[in-house]
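Undergrad: My structure is below; once you've seen it, I'll send some questions.
The values are calculated or read from the model by the stated rules, or taken from the named source; none is laboratory data. No experiment lies behind these values; they were computed from the predicted model shown. Glycine gets a Cβ as well: all are built from the backbone with ideal geometry, and neighbour counts include every protein chain shown.
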Amino acid sequence: MKGVRAKKQLGQHFLKDDSIALRITEALTHHNGYRNVIEIGPGTGALTKHLITRNDIDLWCIELDHEAAAHLPTVLPALGDRLIIGDFLNLDLNARFPNKFAIIGNFPYNISTEIIFKALEHRDRCMEVIGMFQKEVADRVRAQPGSKVYGITSVLAQAFYDIDEIMIVGPEQFIPPPKVQSAVIRMQRNTVDRLPCDEKLFTRVVKTAFNQRRKTLSNALKPIPELTDSIPEKFRMLRAERLSVDDFIELTLACRNA
């Protein structure tokens, strides 16, 4: 792209189809009434140029690439001080965005899963996430019990968000073309305020169960002593990939010290 070189170490693949960029921005729904929208990795401004013209949102852009950060004000001067140069993963969202917000972006593929986990950390205010992911990652986030790609990210994301696929995007729509298919998904905050169990223990149970996903739960969960003698019989011979979010909640509640 003119003015900015895509950097492999930053996981950059710049979107070149303007109709796709517009469709991504139109996926914002104001779910639960946010105004602040955080665009991660605006790059050459493919999404930004559509977002910046809207009067129904307050746009903020987070860009780590100094070359892109220098280029954006020259093509989109209206951004002004709404361009933050830095690493989204290290950004103090509590201080910067104390009110409800959404996250959007053609996400750098090397940090896309970490973006989801940061959204989960701030789920009390992060109402919506709309992002371009490697299709493999998008499929994992949306996967249902029984799927080979159903895992930790699937369970933790689906505990607090409803997730749908917006579109699949081929490699030819990017500069440089990635070696994989891509997909845009939308995550919308569901109605679960808090899980009916210890949430830290829930996360620990999910991660432990999937860390040895080929083992039955009676063996995979041995590292959690609170569950040694407390796994409900119906789960003992199952593998983690067979359990729903509600099943993992039940499993967590079975812990002797929960």
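Undergrad: Suppose we keep only residues that are touching a residue at least 40 places away in the same chain (Cβ under 8 Å) and β-branched (V, I, T) within the range 16-56. Which one would you say is nearest to E165 (Cα to Cα)?
TA: I24
Undergrad: When the residues of the range 227-242 are filtered to those that are surrounded by 12 or more Cβ atoms within 10 Å (Cβ to Cβ) and of a type outside the set (A, V, I, L, M), which remaining residue is nearest to S154 (Cα to Cα)?
TA: So the residue we want is E241.
Undergrad: Could you list, in sequence order, the residues of the range 74-97 that are surrounded by 13 or more Cβ atoms within 10 Å (Cβ to Cβ) and either aromatic (F, W, Y) or free of Cβ contacts under 8 Å to residues at least 60 places away in the same chain (or both)?
TA: Of everything in the range 74-97, those that are surrounded by 13 or more Cβ atoms within 10 Å (Cβ to Cβ) and either aromatic (F, W, Y) or free of Cβ contacts under 8 Å to residues at least 60 places away in the same chain (or both) turn out to be L76, L79, R82, L83, I84, I85, F88, L89, L91, L93, R96, F97.
Undergrad: Also: Tell me yes or no: at least one residue of the range 240-251 is in a helix (DSSP H, G or I) and touching a Cys at 6+ places or on another chain (Cβ under 7 Å).
TA: Yes, the range 240-251 contains at least one residue that is in a helix (DSSP H, G or I) and touching a Cys at 6+ places or on another chain (Cβ under 7 Å).
Undergrad: Related question: Condition test on I52, is it crowded, with 18+ Cβ neighbours inside 10 Å and closer than 21 Å to I116 by Cβ?
TA: Against the criterion (crowded, with 18+ Cβ neighbours inside 10 Å and closer than 21 Å to I116 by Cβ), I52 does not qualify.
Undergrad: Output the strands (runs of 3 or more DSSP E) that fall wholly within the range 103-217 and possess 1 or more residues being of a type in the set (V, I, T) and more than 12 Å from the chain's Cα centre (by Cα), or say none.
TA: Strands (runs of 3 or more DSSP E) meeting the threshold: 161-169.
Undergrad: Another question, if that's okay. Please state which one of R256, R189, R236, R214 is at pLDDT 95 or above and not aliphatic (A, V, I, L, M).
TA: Within the list R256, R189, R236, R214, the selection yields R189.
Undergrad: What is the number of the single condition among (1) of a type in the set (K, R); (2) touching a residue at least 60 places away in the same chain (Cβ under 8 Å); (3) closer than 18 Å to I20 by Cβ that K100 does not meet?
TA: Checking K100 against (1) of a type in the set (K, R); (2) touching a residue at least 60 places away in the same chain (Cβ under 8 Å); (3) closer than 18 Å to I20 by Cβ, the one that fails is (3).
Undergrad: Please work out if I84 is among the β-branched types (V, I, T) and either under 26 Å from N190 (Cα atoms) or assigned to a helix (DSSP H, G or I) (or both).
TA: No.
Okay, residues lined up against (1) surrounded by 13 or more Cβ atoms within 10 Å (Cβ to Cβ); (2) more than 19 Å from Y161 (Cα to Cα):
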| residue | (1), (2) |
| --- | --- |
| T191 | no, no |
| P196 | no, no |
| T208 | yes, yes |
| P225 | no, yes |
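Undergrad: Condition first: more than 24 Å from R35 (Cα to Cα) and either free of Cβ contacts under 8 Å to residues at least 24 places away in the same chain or surrounded by fewer than 20 Cβ atoms within 10 Å (Cβ to Cβ) (or both). Now tell me which residues in the range 59-73 satisfy that.
TA: The answer is H66, E67, A70.
Undergrad: Kindly check whether there is at least one residue in the range 91-98 that is in a helix (DSSP H, G or I), in the same structural domain as I175 (by TED's automatic domain parsing) and in contact with a His (Cβ under 8 Å, 6 or more places away or on another chain).
TA: yes
Undergrad: For the condition assigned to a loop (DSSP other than H, G, I, E, B) and either assigned by TED's automatic domain parsing to the domain that holds A102 or basic (K, R) (or both), what is the one hit in A21, A27?
TA: Of the residues listed, the single one that is assigned to a loop (DSSP other than H, G, I, E, B) and either assigned by TED's automatic domain parsing to the domain that holds A102 or basic (K, R) (or both) is A27.
Undergrad: Pairs please, first residue from the range 204-215 and not assigned by TED's automatic domain parsing to the domain that holds G151, second anywhere and surrounded by fewer than 16 Cβ atoms within 10 Å (Cβ to Cβ) and part of a loop (DSSP other than H, G, I, E, B), Cβ atoms under 7 Å, 6+ apart in sequence or on different chains.
TA: Pairs that qualify, where the first residue is not assigned by TED's automatic domain parsing to the domain that holds G151 and the partner is surrounded by fewer than 16 Cβ atoms within 10 Å (Cβ to Cβ) and part of a loop (DSSP other than H, G, I, E, B), are T208/P223.
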